[in-house]
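The values are calculated or read from the model by the stated rules, or taken from the named source; none is laboratory data. Just so it is clear, the model here is predicted, and its values are computed rather than measured. Here the Cβ positions follow ideal geometry from the backbone for every residue, glycine too, while neighbour counts run over all protein chains shown.
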């Protein structure tokens, strides 16, 4: 395994050097705006050059991005390191705590164990995309009003899971809410306030 | 302007719900050329390092440098009190202890580089349990001791309860792992963003490692994604590595542990072993207690000594012990260096005394709540270390009110009726008290500082020595400052904690963050309002706060002040074991009801009622959150979080898949939390009381309720089980009482 990794690492360096040579202008870190639809069809040129890298095109919070990345890049790394969207957190890195929860094509996923290439062509919604024009989303408003957090580190994940849950079940019972959020841990154990926030959010979103 | 005592939103509410509230690792993008660090991990719990060869690592693409002991310009030791924690050890003292660190352009390259370092070791025998340490005479401290009265009652008492109790530790599992980013400024000085509860000590340790004066180092903590004591000391080594990396390479360095590294490398709540003998009168009054406590301190001292002191102080919980000898000793084992964790040694000792009382109740065929109440401190009593138990009457007041509001007596009957009708599922209900001493046990830590700045437009910046880790300190500080200045909260901005604003601060710990820093903020605000008063009086009544500030500026009156507070009237003599280590006591009680399934040993927490004395709450939402969260974290420690080490000393429970954390299913199905009313605490900021740690120990009510339920499977037998009360342990405890009572017999032997 170590040898494989090393080979990969060396190759990735040569790949970068090759890119620097100007064969493909990837726009460095600033993502080029392209239409998200049909993005996958435009990938093969990069894949042919280095099978360990891919160009992913996807929409995050309504903005289209296209970027060449190592295949093993997780969606969490892509969001935090490439796009600098740090509202999504890494808690356990093993899809157990839920701090990294984001929404991909309407489903809540653990971004720490989702590869960015798996989301290619898709639409990703993160905590940064919920508020519109500085107006908080009703779920965010409910979490503020009911203090559904203590340290705040799990909060973006809790809110994103709540979003998917309420989209599907606008008028839930408390038991349904507990079950829906069972994939999101809060080590401060602010569960009671989180539940209050979710129930309040369901009332606000229906209103 | 009334803001204190109001249920105001969290100081960073909008930041938390929008993702804009930043934690240390979120800042990485601000540092171009940032290097990432990964440790070279020793694969032995105890070994001598024979050689380190980093030649292959150096040619690994992306690797910039390797940090070893030879790079340390100062004292390469991060031990906080005793200097016993070499950053680059010659002798490996726990499994996966870092022996070198690799710096690279990416975390991945650093990890690959670390795997290229060839380290040779000579394995040595390892001590992995408390019993092995006792057998080998391996200790980190001498025996600490507090005694009073005549222990001869142990021989003459009507009832003698003897035994031992083993208590597991607890992983902090702060959701944000240890993180530091260090960089060099234009003057060559080093600044560090660190997820630390104790920025001043982090600064001190970095200065020590680099061999520079402390004014060369600035440490800042924006906020932490949880800490719970786990970043009181354990943040220092990560910060020191980051700073050393900058020192050597000139580039900014990030040290951010992955979850698996964090769980393998950082200290936890101390596992304990208690051995005891107690004498009781026939009506259940404790007459004498001899208690021996051993903690598993791991490889270095850390805070283990003051933690053991707090265990000695709290072996009474809320009970008057007329004759007692309690001795504590910290064992040295080849494990992570165990450290502070919410309660700081208090919880372990309090579980032990509750266990002893419960056993006595069963032996005397008295309800446990009756025995508990009979042994309460009364007004005028003193503790075994000679401190008067001020406010002792609150113990009984809380007890009686909670029994009433929770309908305790009525529900006991309902539980008994339920149990009479069910053979394989039994319920138990228990009420337990908490008395918890507030102050750092090391007296000199009990000081706080603040720097309040007002600008000419009437906007306010508050700096103070405390750190925000989710406990709501900044929310309370903002309320306290607004209240003290008589302005709206929106005018007050609480600044990130920095060592260049308030120096020589204490850790934000011991539940004392608001008491110390809040009082310092009040002190600063009073100075300023004292100066502004005459200015305001000279202006028309319609003058705004901003008008007053502008006028004061023009009259050349300073609009800023430093505040300071030191806790009065506390002292302790460790040699005599006598003193007044605590400024006051926090009180509370909880009633919990559980249902235990004999087939699986699993239990459901049906209902918990809590009554907590928080004084005059500064921030009711924050305090309620601390009580609910502290209680559930305690339930985790006592019923499901089990740390396991394998035979090689490796932490076997190194992720949330093997280490079970409280989730939604551990929240009581009915959960009633109330504050004691009319409970002003004189001499504390705005009459409030500390709330961070005490609620954790309310979870003992769950352990005792489980004991009641297990007992219901037998016929009066004494029920004992180690902690945590996992389903496995409870399953076997149920088997034992069933066998003991002869109701059921099993031919298959079972492990104890």
- Where residue A:151 falls short, out of the listed (1) more than 12 Å from chain B (Cβ to nearest Cβ); (2) within 22 Å of residue B:174 (Cβ to Cβ): (1)
- Query: How many residues does the stretch A:138-148 contain that are more than 9 Å from chain B (Cβ to nearest Cβ) and surrounded by fewer than 18 Cβ atoms within 10 Å (Cβ to Cβ)?
  - Reply: 0
- the stretch A:158-174, residues that are more than 14 Å from chain B (Cβ to nearest Cβ) and crowded, with 16+ Cβ neighbours inside 10 Å: A:164, A:166
- Would you please list the contacts, defined by Cβ atoms under 7 Å and residues six or more apart or on different chains, that run from a residue in the stretch B:638-652 that is without any contact (Cβ under 8 Å) to a residue 24 or more places away in the chain to a residue that is crowded, with 19+ Cβ neighbours inside 10 Å? B:652/B:645
- Message: Looking at B:499, B:508, B:441, B:514 in this structure, which one is at pLDDT below 95 and surrounded by 24 or more Cβ atoms within 10 Å (Cβ to Cβ)?
- Response: B:441
- Item | the stretch B:618-640 - residue that is more than 12 Å from chain A (Cβ to nearest Cβ) and surrounded by 24 or more Cβ atoms within 10 Å (Cβ to Cβ) and, of those, farthest from residue B:483 (Cα to Cα) | B:639
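Residues checked against (1) modelled with pLDDT of 95 or more; (2) buried (at least 16 other Cβ atoms within 10 Å of the Cβ); (3) assigned by TED's automatic domain parsing to the domain that holds residue A:158:
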site: A:36; (1), (2), (3): no, yes, no
site: A:43; (1), (2), (3): no, yes, no
site: A:79; (1), (2), (3): yes, yes, no
site: A:97; (1), (2), (3): yes, yes, no
site: A:119; (1), (2), (3): yes, yes, no
site: A:132; (1), (2), (3): no, no, no
- Filter the stretch B:562-594 for residues that are over 28 Å from residue B:311 (Cβ atoms) and surrounded by fewer than 21 Cβ atoms within 10 Å (Cβ to Cβ) and give the result. B:562, B:564
- Task: Take the residues in the stretch A:175-207 that are over 26 Å from residue A:135 (Cβ atoms) and in contact with a strand residue (DSSP E or B) (Cβ under 8 Å, 6 or more places away or on another chain), then tell me which one is surrounded by the most Cβ atoms within 10 Å (Cβ to Cβ).
- Result: A:192
- Query: Looking at this structure, is residue B:116 in contact (Cβ under 8 Å) with a residue 60 or more places away in the chain, crowded, with 18+ Cβ neighbours inside 10 Å, over 25 Å from residue B:231 (Cα atoms) and within 14 Å of chain A (Cβ to nearest Cβ)?
  - Reply: yes
- Query: Is the stretch B:368-387 home to any residue that is without any contact (Cβ under 8 Å) to a residue 60 or more places away in the chain, surrounded by fewer than 24 Cβ atoms within 10 Å (Cβ to Cβ) and touching a strand residue (DSSP E or B) at 6+ places or on another chain (Cβ under 6 Å)?
  - Reply: yes
- Message: Taking the conditions exactly as written (in a loop (DSSP other than H, G, I, E, B) and either more than 10 Å from every other protein chain (Cβ to nearest Cβ) or within 29 Å of residue B:221 (Cα to Cα) (or both)), does residue A:91 satisfy them or not?
- Response: yes
- Task: Kindly indicate whether residue A:135 is more than 9 Å from chain B (Cβ to nearest Cβ) and within 21 Å of residue A:107 (Cβ to Cβ).
- Result: no
- Residue that is free of Cβ contacts under 8 Å to residues at least 24 places away in the same chain and either outside the structural domain of residue B:477 (by TED's automatic domain parsing) or farther than 30 Å from residue A:125 by Cβ (or both), where the choices are B:71, B:84, B:75, B:26: B:26
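Against the definition (surrounded by fewer than 24 Cβ atoms within 10 Å (Cβ to Cβ) and closer than 17 Å to residue B:181 by Cα), how does residue B:257 come out, yes or no?
Here the answer is yes, as residue B:257 does meet what is asked.
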- Taking residue B:76 and the conditions (1) surrounded by 20 or more Cβ atoms within 10 Å (Cβ to Cβ); (2) away from every other protein chain (no Cβ under 14 Å); (3) closer than 25 Å to residue B:497 by Cβ, which numbered condition does it fall short on, given that it satisfies the others? (3)
- Criterion: within 21 Å of residue B:265 (Cα to Cα), in contact (Cβ under 8 Å) with a residue 60 or more places away in the chain and crowded, with 19+ Cβ neighbours inside 10 Å - qualifying residue of B:181, B:217: B:181
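Rundown of residues vs (1) away from chain A (no Cβ under 14 Å); (2) buried (at least 20 other Cβ atoms within 10 Å of the Cβ); (3) in a helix (DSSP H, G or I), yes/no style:
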residue	(1), (2), (3)
B:6	no, no, no
B:11	no, yes, no
B:17	no, yes, yes
B:21	no, yes, no
B:26	no, yes, yes
B:52	yes, no, no
B:61	no, no, no
B:81	yes, no, no
B:96	yes, yes, no
- The one condition residue B:57 fails out of (1) buried (at least 21 other Cβ atoms within 10 Å of the Cβ); (2) away from chain A (no Cβ under 13 Å); (3) under 21 Å from residue B:96 (Cα atoms) is (2)
